[in-house]
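The structure appears right after this line, and notes come after that.
The values are calculated or read from the model by the stated rules, or taken from the named source; none is laboratory data. Computed from a predicted model, the values in this text were never measured in an experiment. So basically every Cβ, Gly included, is an ideal-geometry build from the backbone, and we count neighbours across all protein chains shown. Side chains included, ligands, DNA and RNA excluded: accessible areas come from the protein's heavy atoms. Shrake-Rupley method; radii C 1.70, N 1.55, O 1.52, S 1.80 Å.
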Amino acid sequence: MQLVKVGLCAFGMSGKVFHAPFLKEHPGFFMSAVVERSKEDSKEKYPDAEIYRSVEEMLTNAAIDVVVVNTPVQTHFEYVKMALEAGKNVIVEKPFTVTASEAEELVNLAENKNLFLSVYQNRRFDRDYLQVQKILDEGKLGNVKEVEIRFDRFRTEPSGKQHKEDPEQNGSGSIHDLGSHLVDQAVQLFGFPEKLFADVFSMKGESFANDYFEIILYYINDLRVRLKSSVFTKEDHYAYKIHGDKGSFLQERTDNQENELTAGAIPVYGKEWMQPLKDTDGILNYLNENSETQRVLTSSEFGNYMNYYQQIYEHIVFGYALPSLGNEIVQNMKIIETAIESSKKGKVIDFN
């Protein structure tokens with residue numbers, strides 16, 4: 001196999017959980033470099049990766065083919081631009097950047113340099129989202145009229161991470177963090193909306209960045225999509241509620257890849273590495289072709305973040321489609337940016 005050499009810009013939670021394990025287990029990738037400013041934590045599991053003390057220093061390594069920018073969002077624009085100017089292809093963690101204009105500038109730079117720029121939207125490979133996609137593709141719900149997508153947590157205490165908690169830092173808060181997943185899934189499933197209204201604020205108080213949001217996306221065919229997140233949710237909701245003129249589908253959030261990876265699970269290349277569900281995790285209630293009510297308990301199939309890196313590899317080696325390419329995610333940034341504006345002004349904003 002052609003070997004793709006990758007440099008990792010940080011070895012915090014994101015590097016340890018979402019990137020390094022997949023780069024190690026995929027036979028087409030070699031994690032040849034990692035930035036650790038003062039520690040050497042990567043040595044235990046990745047002894048072949050050369051440790052650099054800064055991103056700037058790592059970018060002098062001519063052998064690196066792809067750079068993964070997985071630093072705090074406030075640094076994404078600077079480091080992605082630096083990597084592209086050094087002639088490196090780039091994978092950047094979500095959210096892409098702080099603003100849509102920054103994202104557009106980076107997309108244009110990548111195109112001018114003839115390099116690829118992909119955003120790591122790993123939740124496209126969650127089992128629950130894939131099940132929603134499957135149900136919609138089957139068309140059993142008819143014309144979809146109302147959708148709610150939620151991503152809730154119970155984290156009432158501050159995390160201590162200033163780049164996520166400080167309201168004075170652009171890009172902090174839930175709407176950039178979890179919102180980047182929900183917005184991406186809405187756009188993937190239903191396209192770009194006509195207008196939106198949003199409510200964004202901090203339940204923990206004004207000293208902290210937003211930890212609650214509700215965004216209503218209005219579509220030209222009278223579809224309404226509501227995106228919602230709160231850190232004061234002790235009891236789980238259905239993560240997806242989809243209602244059409246022929247039926248409804250409710251889906252729990254059951255993907256456990258993040259928890260398994262955090263606990264030390266090793267992803268396996270070429271096959272499913274998660275355990276199958278023991279119980280059902282969805283309800284499909286619809287009218288069949290005879291207008292008879294069918295109520296079915298459903299089970300989502302495996303999700304696998306390895307598929308993101310497999311698609312990256314196939315793009316590099318075979319020229320296949322690039323997953324979550326930068327100019328696609330610019331649209332997501334425009335929605336997030338507009339949602340913040342809508343909340344501040346207290347009004348619906350039309351994209352046209």
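Within the stretch 162-183, the set of residues being without any contact (Cβ under 8 Å) to a residue 12 or more places away in the chain and either hydrophobic (A, V, I, L, M, F, W, C) or part of a loop (DSSP other than H, G, I, E, B) (or both) comprises E168 only. Within the stretch 212-230, residues that are under 20 Å from D152 (Cβ atoms) and without any contact (Cβ under 8 Å) to a residue 60 or more places away in the chain sit with their Cβ atoms under 7 Å from residues that are among the basic types (K, R) and open to solvent by 30 Å² or more (accessible area, probe 1.4 Å), at 6+ positions apart or across chains, in these pairs: E214/R226; E214/K228; I216/R224; I216/R226. Considered as a group, the residues in the stretch 134-157 that are surrounded by fewer than 15 Cβ atoms within 10 Å (Cβ to Cβ) and part of a loop (DSSP other than H, G, I, E, B) include one that is nearest to the chain's Cα centre (by Cα), and that residue is R153.
Could you tell me which residue of the stretch 231-255 is nearest to R155 (Cα to Cα), considering only residues that are touching a helix residue (DSSP H, G or I) at 6+ places or on another chain (Cβ under 8 Å) and not hydroxyl-bearing (S, T, Y)? Step by step, filter the stretch 231-255, then rank; the result is V231.
Taking the stated definitions as given, is E78 of a type outside the set (S, T, N, Q), modelled with pLDDT of 95 or more and within 26 Å of K5 (Cβ to Cβ)?
Details: of a type outside the set (S, T, N, Q): yes; modelled with pLDDT of 95 or more: yes; within 26 Å of K5 (Cβ to Cβ): yes.
Against the criterion (of a type outside the set (S, T, N, Q), modelled with pLDDT of 95 or more and within 26 Å of K5 (Cβ to Cβ)), E78 qualifies.
Taking the stretch 38-95 only, how many residues are over 14 Å from F116 (Cβ atoms), out of contact with any Cys (no Cβ under 9 Å at 6 or more places or on another chain) and part of a helix (DSSP H, G or I)? The number of residues fulfilling the criteria is 13.
For the stretch 315-330, which residues satisfy the criterion of being surrounded by fewer than 17 Cβ atoms within 10 Å (Cβ to Cβ) and either in contact (Cβ under 8 Å) with a residue 12 or more places away in the chain or not in a loop (DSSP other than H, G, I, E, B) (or both)? It would help to see each step written out before you state the result.
Let us first name the residues in the stretch 315-330 that are surrounded by fewer than 17 Cβ atoms within 10 Å (Cβ to Cβ), namely 317-321, 325, 327.
Those that are surrounded by fewer than 17 Cβ atoms within 10 Å (Cβ to Cβ) and either in contact (Cβ under 8 Å) with a residue 12 or more places away in the chain or not in a loop (DSSP other than H, G, I, E, B) (or both): V317, F318, L325, N327.
Answer with yes or no whether V231 is of a type in the set (A, V, I, L, M), within 29 Å of N304 (Cβ to Cβ) and surrounded by fewer than 22 Cβ atoms within 10 Å (Cβ to Cβ). Yes. Residue by residue through the stretch 8-36, note down the ones that are touching a strand residue (DSSP E or B) at 6+ places or on another chain (Cβ under 9 Å) and either part of a strand (DSSP E or B) or without any contact (Cβ under 8 Å) to a residue 40 or more places away in the chain (or both). If the condition is that a residue be touching a strand residue (DSSP E or B) at 6+ places or on another chain (Cβ under 9 Å) and either part of a strand (DSSP E or B) or without any contact (Cβ under 8 Å) to a residue 40 or more places away in the chain (or both), then L8, F11, A20, K24, F29, F30, M31, S32, A33, V34, V35, E36 are the ones that fit. The set of residues in the stretch 186-211 being open to solvent by 30 Å² or more (accessible area, probe 1.4 Å), more than 20 Å from S174 (Cα to Cα) and either free of Cβ contacts under 8 Å to residues at least 24 places away in the same chain or part of a loop (DSSP other than H, G, I, E, B) (or both) consists of F192, E194. Note on the stretch 84-93: residues that are out of contact with any helix residue (DSSP H, G or I) (no Cβ under 8 Å at 6 or more places or on another chain) and without any contact (Cβ under 8 Å) to a residue 40 or more places away in the chain total 1.
Residue pairs whose Cβ atoms lie under 8 Å apart, separated by 6 or more positions or on different chains, with the first residue in the stretch 290-314 and farther than 14 Å from V132 by Cα and the second of a type outside the set (A, V, I, L, M, F, W, C) and open to solvent by 70 Å² or more (accessible area, probe 1.4 Å), are N304/E272; M306/Y269; Q311/Y320; E314/Y320.
Scan the stretch 53-66 and give yes if some residue there is without any contact (Cβ under 8 Å) to a residue 40 or more places away in the chain, buried (at least 20 other Cβ atoms within 10 Å of the Cβ) and either within 30 Å of V268 (Cβ to Cβ) or of a type in the set (D, E, K, R) (or both), otherwise no. No, every residue in the stretch 53-66 fails to be without any contact (Cβ under 8 Å) to a residue 40 or more places away in the chain, buried (at least 20 other Cβ atoms within 10 Å of the Cβ) and either within 30 Å of V268 (Cβ to Cβ) or of a type in the set (D, E, K, R) (or both).
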